[in-house]
Each structure stands twice: as C-alpha cells, then as structure tokens.
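The values are calculated or read from the model by the stated rules, or taken from the named source; none is laboratory data. Computed from a predicted structure; not experimentally measured. Don't worry about glycine lacking a Cβ; one is built from the backbone with ideal geometry, like all the others, and counts go over all protein chains shown.
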Amino acid sequence: DQQVKQNSPSLSVQEGRISILNCDYTNSMFDYFLWYKKYPAEGPTFLISISSIKDKNEDGRFTVFLNKSAKHLSLHIVPSQPGDSAVYFCAASGSWGGATNKLIFGTGTLLAVQP
Amino acid sequence: DGGITQSPKYLFRKEGQNVTLSCEQNLNHDAMYWYRQDPGQGLRLIYYSQIVNDFQKGDIAEGYSVSREKKESFPLTVTSAQKNPTAFYLCASREEGRGPQHFGDGTRLSIL
C-alpha cells in the first residue's frame, strides 16, 4: 500500500523555466513533509520541508505547497538550472505511536533540465 | 567536517555469507536509520534507533540485524537469511525533534 505517491516517474523542462514536481499521500495523520534531491550513487540531500500548519514554504528557488484537503504537495523550482537534474523524492511523517519522524518515501521523479 | 560516513561504497557478498555495513556520524545526532533503495522504488526503512542501546524494526527488517553501542555508530548486518540483499543501502541520522534526516552516500551491495 503506497502511502506516498509520485505518479510522474520523469519530467523534462527547459533551463530557466519552472519545474513542478507533484506528490500525493493517503494517510491523513501525516503532518510533516519533506523533499529530497538525489544524484546517482549518492545519498539524498534535504531540500525543503513543510509542516501541516502551513500551506507554503519558500527557500530561494524552491517552494513547497501543501494542499491538505487534497492530500497533495508540490515542489516548484524557479528558475530551473541544469544542475537541478536529479531524482526528487517526497517524504512524509507523522507523530503517532512511538515511531516519531519515521519517514515514508515516494518512488521519486527524475527531473531533467535541458540547457 | 560534520557528516555521515558509510563504508564501504561497494560491497560484494557470496551466497550464505553475512556482511556488515558501517555507518558513522559525527553530528551528535541521537536518532539513526537504515534504508534500502531498489530500482524504481522509494527508500524503505529497515531499522532505526532513537537512542544508544535501543533500536526498533522498520518495515522490512527480516534478514537484517543492527546494534547501537555508541551514539556515533549504527552498523547494519545483512544476514544469509536475507534472500534478496542486492540493493543500495542508505544510513541517515537526525537530531532530536522533528527536523529532517540527513543521509550518507550509501553502500551498494551485490551478490557474487
């Protein structure tokens, strides 16, 4: 049962344009969401997070939007740069039971930014 | 530099062998985690530890074992009971609270 879904395995955008990566979740108990970027043969690097009390969080070129009613979050990258080409994972967690901060990951979206 | 070090980067295992993957962090983080990544899949949690001398099973703990004798170290043993051990293994740590987990660069394990 996939609780965190990234339905687009890949996305291609032109340099300078906006990249929008999407993520859906099913568990209404999730209250903390994160985006990670991953290059091949390296570990994921944390990009940005958002808690469920907010609907938007911005950090430089990266903005995460959260729509709780739709159980949907998205990562916007503006402007996109060739160095942004990587796999992007969304992850979610909730404070239930004793498993605080246990992260559930989506399957990732491969972003290719074309020069 | 503070960070998480995983070694070795590549590891080969013969059938029936146990192997141990190393994870060391100098971030003074309390919590540590082990994940497995397979092609086309997200990261799946194997084991985690929120404090020294304590650890819990994650979603796919069968065939794996861990120890947490020191705050900075969280080794993972892939036992012969793990029938499909070929994967990319990632270790992470997190400081107290709800902050993000930070990852090492992974160990790729292959079966000879």
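Scanning the range B:17-37 for residues that are facing chain A (nearest Cβ under 9 Å) and over 10 Å from the mean Cα position of the chain (by Cα) yields B:ALA31, B:GLN37.
Can you name the residue in the range B:20-37 that is of a type in the set (D, E, K, R) and part of a strand (DSSP E or B) and, of all such residues, is nearest to B:GLY104 (Cα to Cα)? So, considering only residues that are of a type in the set (D, E, K, R) and part of a strand (DSSP E or B), the one nearest to B:GLY104 (Cα to Cα) is B:GLU24. Any idea which residue in the range A:4-41 is surrounded by the most Cβ atoms within 10 Å (Cβ to Cβ), counting only those that are part of a loop (DSSP other than H, G, I, E, B) and within 11 Å of chain B (Cβ to nearest Cβ)? Taking the candidates together, the pick is A:GLN6. Of the residues that make up the range A:5-17, is at least one hydrophobic (A, V, I, L, M, F, W, C) and touching a Gly at 6+ places or on another chain (Cβ under 8 Å)? No: the range A:5-17 contains no residue that is hydrophobic (A, V, I, L, M, F, W, C) and touching a Gly at 6+ places or on another chain (Cβ under 8 Å).
Just to verify a result, which residue in the range A:42-56, among those that are of a type in the set (A, V, I, L, M) and touching a Phe, Trp or Tyr at 6+ places or on another chain (Cβ under 8 Å), is surrounded by the fewest Cβ atoms within 10 Å (Cβ to Cβ)? Taking the candidates together, the pick is A:ILE48. Applying the criterion of being touching a strand residue (DSSP E or B) at 6+ places or on another chain (Cβ under 6 Å) and more than 14 Å from A:ALA41 (Cβ to Cβ) to the residues of the range B:8-17, the residue that is surrounded by the most Cβ atoms within 10 Å (Cβ to Cβ) is B:ARG13. So which residues in the range A:49-85 are within 14 Å of chain B (Cβ to nearest Cβ), within 17 Å of A:PHE30 (Cα to Cα), of a type in the set (A, V, I, L, M, F, W, C) and touching a Leu at 6+ places or on another chain (Cβ under 7 Å), if there are any at all? The answer is A:ILE50, A:VAL64.
Count of the range A:1-49 residues, restricted to those that are under 18 Å from A:GLY94 (Cβ atoms), among the aliphatic types (A, V, I, L, M) and more than 12 Å from the chain's Cα centre (by Cα), is 1.
Looking across the range B:75-87, the residues that are buried (at least 17 other Cβ atoms within 10 Å of the Cβ) and touching an Asp or Glu at 6+ places or on another chain (Cβ under 8 Å) come down to B:GLN82, B:ALA87. Right, B:LEU11: part of a strand (DSSP E or B) and modelled with pLDDT under 95 or not? It is true that B:LEU11 is part of a strand (DSSP E or B) and modelled with pLDDT under 95.
Given the condition touching a residue at least 60 places away in the same chain (Cβ under 8 Å), part of a loop (DSSP other than H, G, I, E, B) and closer than 22 Å to B:PRO39 by Cβ, answer yes or no: does some residue in the range A:95-105 qualify? Yes - at least one qualifying residue is present in the range A:95-105. Taking the criterion of being farther than 20 Å from A:PHE105 by Cβ, of a type in the set (S, T, N, Q) and either within 14 Å of chain A (Cβ to nearest Cβ) or in contact with a strand residue (DSSP E or B) (Cβ under 6 Å, 6 or more places away or on another chain) (or both), the residues of the range B:54-81 that qualify are B:SER65, B:SER73, B:THR77. Would you mind stating whether B:GLY58 is of a type in the set (Gly, Ala, Ser) and exposed (fewer than 14 other Cβ atoms within 10 Å of the Cβ)? It is false that B:GLY58 is of a type in the set (Gly, Ala, Ser) and exposed (fewer than 14 other Cβ atoms within 10 Å of the Cβ). Of the residues making up the range B:38-53, at least one is within 10 Å of the chain's Cα centre (by Cα), more than 10 Å from every other protein chain (Cβ to nearest Cβ) and in a strand (DSSP E or B).
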